[in-house]
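Some notes on the structure that comes next.
The values are calculated or read from the model by the stated rules, or taken from the named source; none is laboratory data. All of these numbers come straight from a predicted model, not from anything done at the bench. Cβ placement follows ideal geometry from the backbone for every residue including glycine, while neighbour counts extend to all protein chains displayed. Heads up: the accessible areas ignore ligands, DNA and RNA and are worked out on the full protein's heavy atoms, side chains in. Shrake-Rupley method; radii C 1.70, N 1.55, O 1.52, S 1.80 Å.
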Amino acid sequence: MTRFLDRGAIVAAYVGIGMAVTTAISFLLVIPIEPIFWLLAVPSGLLIGYYANQRSDRRAGPWARIVANATYAGLVTGLTMAVLLLAVKALFFFGDNGYRGADLGGSLTCGGGADCVYQRYREDSAAELAAAGITDAASFGGYYWRGQGASAGTILVLTLLGGIGGGVLYGTFRPKADPKQDRASAANAGTSLPG
């Protein structure tokens, strides 16, 4: 136990990192369906916030410790999810070479990276880009990354709120302390101390 967190919350944060990596690989790379990644932010937070206290076996103790455990695990998980989202976006943003299938009109004529992403966006939403004053790849880059930063921030907040919610659920429905076990633990602790 640390001063502000239980060790179980620190372990849960590592589990949250693994959960975020698995979710990102599954829904941003293998089956790229970003909305599912978004939808999983709150349940991921709920699970990790609850688990942080379950792992700590927090049967009794102040609500502040329960919420701190859940907040820490939710924050680490949310940060990991946000960073992974930005990393995958950067991979596709800087690695775009303009390729698309023949059924979509063949490859784009672009300079790679930001220019190709700009060309794709311009095909799908030229009016929206023009209204925002986006006229070339250079102005598009700032627009794109502001949007991705906002997305990452939203995922962070959703996961963090889910984590806090998981802690509140744990605190509300947690297993109650067993008085017999507490007496036995106190007796064992007393006999193990030097006389």
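Roughly speaking, to the nearest percent, how much of region 1-146's 1.4 Å accessible area is carbon and sulfur?
Of the solvent-accessible surface of region 1-146, carbon and sulfur hold 66 percent.
With θ set to phi - 60° and the Karplus curve 6.51 cos²θ - 1.76 cosθ + 1.60, what are the ³J(HN,Hα) couplings of region 152-159 in order, to the nearest whole Hz, using x for Gly and Pro?
Whole-Hz 3J(HN,Hα) from phi for region 152-159: 5, x, 5, 5, 4, 5, 4, 5.
Two decimals, Cα atoms only, Kirkwood Rh: what is Rg/Rh over region 1-49?
On the way: Rg = 13.1 Å, Rh = 11.7 Å.
Ratio of gyration radius to Kirkwood radius for region 1-49: 1.11.
At what distance in nm do the modelled label points of Leu29 and Asp57 sit from each other, each positioned 7 Å from its Cα along Cα→Cβ?
Between Leu29 and Asp57, the simple spin-label model gives 3.7 nm.
Along each of the three principal axes of the Cα atoms of the chain, give the extent in whole Å, ordering the values from largest to smallest.
For the chain, the Cα extents along the three principal axes come out at 83, 29, 28 Å.
Apply the Debye scattering formula to region 106-157, with a single equal point scatterer on each alpha-carbon and no solvent, then give log10 I(q)/I(0) at q = 0.13, 0.15, 0.20 Å⁻¹.
Results for region 106-157 at q = 0.13, 0.15, 0.20 Å⁻¹ read -0.34, -0.44, -0.71.
Using only Cα atoms, figure out Rg for region 59-135 and give it as a multiple of 2.2 N^0.38 Å. Mind dumping the intermediate values first?
On the way: Rg = 21.1 Å, N = 77, 2.2 N^0.38 = 11.5 Å.
Scaled against compact globular proteins, the figure is 1.84.
I need the phi-derived Karplus couplings for region 70-87: 6.51 cos²θ - 1.76 cosθ + 1.60, θ = phi - 60°, integer Hz, Gly and Pro marked x.
5, 5, 4, 5, x, 5, 5, 5, x, 4, 5, 4, 5, 5, 5, 4, 5, 5
Let me spell out the model: positive unit charges on the Cβ of Lys and Arg, negative unit charges on the Cβ of Asp and Glu, origin at the Cα centre of region 1-148. What dipole size does that give, in debye rounded to 20? Could the numbers behind the result be given before it?
Details: 11 positive and 10 negative charges, 189 e Å.
Taking the Cα centre of region 1-148 as origin, the dipole is about 900 debye.
Could you order peptides 67-80, 36-49 by the average number of other Cβ atoms within 10 Å of their residues, highest first? Display every interim value, and only then the final one.
Working: 67-80: 25.8, 36-49: 22.2.
The peptides rank, most packed first, as 67-80, 36-49.
Sorted by packing (mean other beta-carbon atoms within 10 Å per residue), highest first, where do 161-171, 128-138 land?
On the way: 161-171: 22.6, 128-138: 13.0.
In descending order of packing, they fall as 161-171, 128-138.
Mind checking the per residue accessible area of the chain for me, 1.4 Å probe, whole number of Å²? Working shown, then result.
On the way: 10870 Å² over 195 residues.
Using a 1.4 Å probe on heavy atoms only, each residue of the chain averages 56 Å².
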